[in-house]
Amino acid sequence: MGFAQEESLVYDLRLSSVGPGRVSGTDVFHNPAGLDLAMKLHYLRMIYFFDSDVAQSLSIMHIKERMFPWFNHYFITCGRFRRSETGRPFIKCNDCGARFIEAKYDKTLDEWLEMKDWGSYKLLASQQVIGPELFFSPPILLQVTHFRCGGISLGLSWAHILGDPFAASEFINNWGRCMNYLDLTKPINIPRPIPRPTGTGPQMDPVCAKPVDPVGDHWIPPNNCKMVTFSFQVTGSQMNYLQAQIWGPSADQTPPFESLCAVIWHCVAQVRPGFEPNTVTICKPDPSHGNDIIGNNQVISKVEAGSEFSMSDTNFRVLASMLAEQGIDERNLIEEAMEKDEGVADFYVYGANLTFVDLEETNVYELELKGKKPRFVYTTLQGVGDEGVVLVMPWPKGANKNGSDGKFVTMILPEDQIVKIKPELKINGLLLEGDF
């Protein structure tokens, strides 16, 4: 079924807004840090699927009512962007609220999940971006879609300038706590002042963030080709076999994330003859980040193989070791590059190089409604540059009884490369016959 046909099956859309249960105050402003501003052209989409036994006891009125105390903690996300006299974006915390969308879909939840039509997942989470009118653009949108069987999906559209995927995941998990009438343990986020200049600018340009021509107030990066999404599961058995193939009986193995990304790096190189990605970006959680409940804190590192390397001929063990041991954190360089232009310049990170994002610790399956966890959680990105991105998500804990946990991989690459890379993934044991 084509995308236009699928789109017609989503109907009865209703729009409203939900905000904090109390007034946040007057003249309250939040100033995103340089790293936040570097991510402003990217958007995170997270879709949580629940079976009918959970959905039947959830009314829209109850969902909205429990959002009021939730947004008391996250009132910054209910504001709207403005620009200072210098052009630097900031959030005016005016309690305009999050956009709330209700929709219906004319298939069952089982039918949806069996289709594996990854492009159609955009129907379950708003694709709206910031701009071109900043003061009308909500940074977050929430969509509840009712399936014919009684199941539901909850789709979060999250402007990445607010925070990284770990902040977004905790945001939704805290909504679940409010739904269960539990107190939120983290303090209310205090809006940040304008960062003070730290110097004259970076000593060198960051590799992980690339500038683009000014986009004005329409925050989405340009692409030179059509980007396509493809996702697949890697089971625990596949991961065990992969680790054994790369490392043999050695106890000195890299973590599964690096091993998995090494194979995908090799596969991408195979389909880009003459343009192999010798430099990649790694995004991972930072366990030492502060107490802010929003903000971009993930580690953004470059890994450079050097022009003398042939990535398609390099041993998987070498690639995995490079990813695990040779990453250079570029967050300070990115911050300095943004502050050099007083936060006005437009950059992008995802897809500036081939980018691998470790989302295994996002705790997306910690969201609980009526004592039940999601049946499945799908995560993707909007605003990815031409070099592409690979997201590695956890598979539900307990789904695999023996060996390592499974993974769920989402790739966003140019359309012609998606077609070519599937046979390479199959040859290297990541794709099974039914995944095509």
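The values are calculated or read from the model by the stated rules, or taken from the named source; none is laboratory data. Please read these numbers as outputs of a predicted model, since none were measured by experiment. Cβ placement follows ideal geometry from the backbone for every residue including glycine, while neighbour counts extend to all protein chains displayed. Just so you know, the surface numbers come from the protein's heavy atoms only, side chains and all, with ligands and any DNA or RNA stripped out. Shrake-Rupley method; radii C 1.70, N 1.55, O 1.52, S 1.80 Å.
Full extension of the chain between Glu361 and Asp329 yields a length gain of 9.6 nm, computed as 0.36 nm times the residue separation minus the alpha carbon distance.
Each of Asp183, Asp358, Asp405 has its accessible area taken with a 1.4 Å probe; listed largest first, they run Asp183, Asp405, Asp358. Under a 5 Å amide H cut-off, with hydrogens placed 1.01 Å from N, Arg148 pairs with Tyr105, Lys107, Thr108, Leu109 among residues at least 5 apart or on other chains. Projecting label points 7 angstrom from Cα along Cα→Cβ for Lys426 and Glu304 puts them 3.8 nm apart.
Our estimate of slack between Asp386 and Phe136, defined as 0.36 nm per intervening residue step minus the Cα-Cα distance, is 87.1 nm.
What is region 1-94 by shape, rounded, prolate or oblate, if you read a ≥ b ≥ c off the alpha carbon gyration tensor as root eigenvalues and call it rounded for a/c under 1.5, prolate for a/b larger than b/c, and oblate otherwise? In terms of gyration-tensor shape, oblate. Counted residue by residue at 0.36 nm each, then reduced by the alpha carbon distance between them, the extension gain from Ala244 to Phe275 reaches 8.2 nm. Pairs of C-alpha atoms in region 2-180 farther apart than 30 Å represent 20 percent of all such pairs. Can you send over the carbon and sulfur percentage of the accessible area for region 23-176, probe radius 1.4 Å, protein chains only? Within region 23-176, the accessible surface is 51 percent carbon and sulfur.
For the chain, a/c is not less than 1.5, where a ≥ b ≥ c are the root eigenvalues of the C-alpha gyration tensor, and a/b does not top b/c. That puts it in the oblate class.
On a per residue basis, region 287-416 carries 41 Å² of accessible surface, using protein heavy atoms and a 1.4 Å probe.
Neighbours of Lys370 by Cβ distance under 14 Å: Lys/Arg scored +1, Asp/Glu scored -1, total +2.
Asp213 contributes about 130 Å² of solvent-accessible surface, heavy atoms of the protein only, 1.4 Å probe. Residues within the reach of a label modelled at Gln56 (point 7 angstrom out along Cα to beta-carbon, backbone nitrogen below 16 Å), restricted to region 118-151, are 147-151. Modelled spin-label separation between Asp252 and Lys107, with each label point placed 7 Å from Cα along the Cα-to-Cβ direction: 4.9 nm.
Name the residues of region 247-290 whose amide N is less than 19 Å from a point 7 angstrom out from the Cα of Asn224 along the C-beta direction? Residues 268-281 qualify, since their backbone N sits under 19 Å from the label point. About the centre of its Cα atoms, the chain shows a dipole size close to 1160 debye [charges on the beta carbon of Lys, Arg (+1) and Asp, Glu (-1) only; nearest 20 debye]. Can you compute the FRET efficiency between Asn180 and Cys149 using 1/(1 + (r/R0)^6), with r the Cβ-Cβ distance and R0 = 25 Å? Round to the nearest 0.05. Approximately 0.55, to the nearest 0.05. Ligands, DNA and RNA are left out, and with a 1.4 angstrom probe the accessible area of region 1-84 is 41 Å² per residue.
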